[in-house]
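The values are calculated or read from the model by the stated rules, or taken from the named source; none is laboratory data. What you see is a predicted model; the values in this text were computed from it and never measured. Cβ coordinates were reconstructed from backbone atoms using ideal geometry, including for glycine residues, and neighbour counts include every protein chain displayed.
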Amino acid sequence: MKHLVRIPERFTAQLLKLPEQGMGFQVVDVVLRDGRVFNAQVILDASFWQADEDVQPEIIESLHPAPQAGGERS
């Protein structure tokens, strides 16, 4: 079951500058403060992360464009 995690507002401007991989979504790597990295995660409307587990938004450390998001999926 997917969990919708609200992305903290501090990342909104960054996400809005990234290209979309489809209508209203981007694919990014999400890094948490505890060192966990979730690769190729879907972010909806620069606001919600479709996470595989329930994550508290305040532990999101950074977001980075996923390398495979550029159309080079294998």
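For region 33-61, give me each residue that is on the phi > 0 side of the Ramachandran plot and among the small types (G, A, S). Let's see the steps before the verdict.
Residues of region 33-61 that are on the phi > 0 side of the Ramachandran plot, as a first pass: 35, 40, 45-46.
Hits for region 33-61 are G35, A40, A46.
Which members of region 1-19 meet the condition of being of a type in the set (K, R) and touching a Ser or Thr at 6+ places or on another chain (Cβ under 9 Å)?
Just the residues of region 1-19 that are of a type in the set (K, R), to begin with: 2, 6, 10, 17.
Once the filter is applied, which keeps residues that are of a type in the set (K, R) and touching a Ser or Thr at 6+ places or on another chain (Cβ under 9 Å), region 1-19 yields only R6.
So that you can scan it fast, the table gives a plain yes or no per residue for (1) at pLDDT 95 or above; (2) exposed (fewer than 15 other Cβ atoms within 10 Å of the Cβ):
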site: P19; (1), (2): no, yes
site: G24; (1), (2): no, yes
site: V27; (1), (2): yes, no
site: V37; (1), (2): yes, yes
site: Q41; (1), (2): yes, no
site: F48; (1), (2): yes, no
site: A51; (1), (2): yes, no
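Would you be able to tell me the number of residues in region 15-55 that are more than 19 Å from Q68 (Cβ to Cβ), in contact (Cβ under 8 Å) with a residue 24 or more places away in the chain and outside any strand (DSSP E or B)?
So the count comes out to 8.
Based on what the data block shows, is E58 in contact (Cβ under 8 Å) with a residue 40 or more places away in the chain and not aromatic (F, W, Y)? Walk me through it before giving the result.
On the way: in contact (Cβ under 8 Å) with a residue 40 or more places away in the chain: yes; not aromatic (F, W, Y): yes.
It is true that E58 is in contact (Cβ under 8 Å) with a residue 40 or more places away in the chain and not aromatic (F, W, Y).
So which residues in region 1-14 are in a helix (DSSP H, G or I) and more than 10 Å from the chain's Cα centre (by Cα)?
The first filter runs over region 1-14 and keeps only residues in a helix (DSSP H, G or I), leaving 9-14.
Scanning region 1-14 gives E9, R10, T12, A13, Q14.
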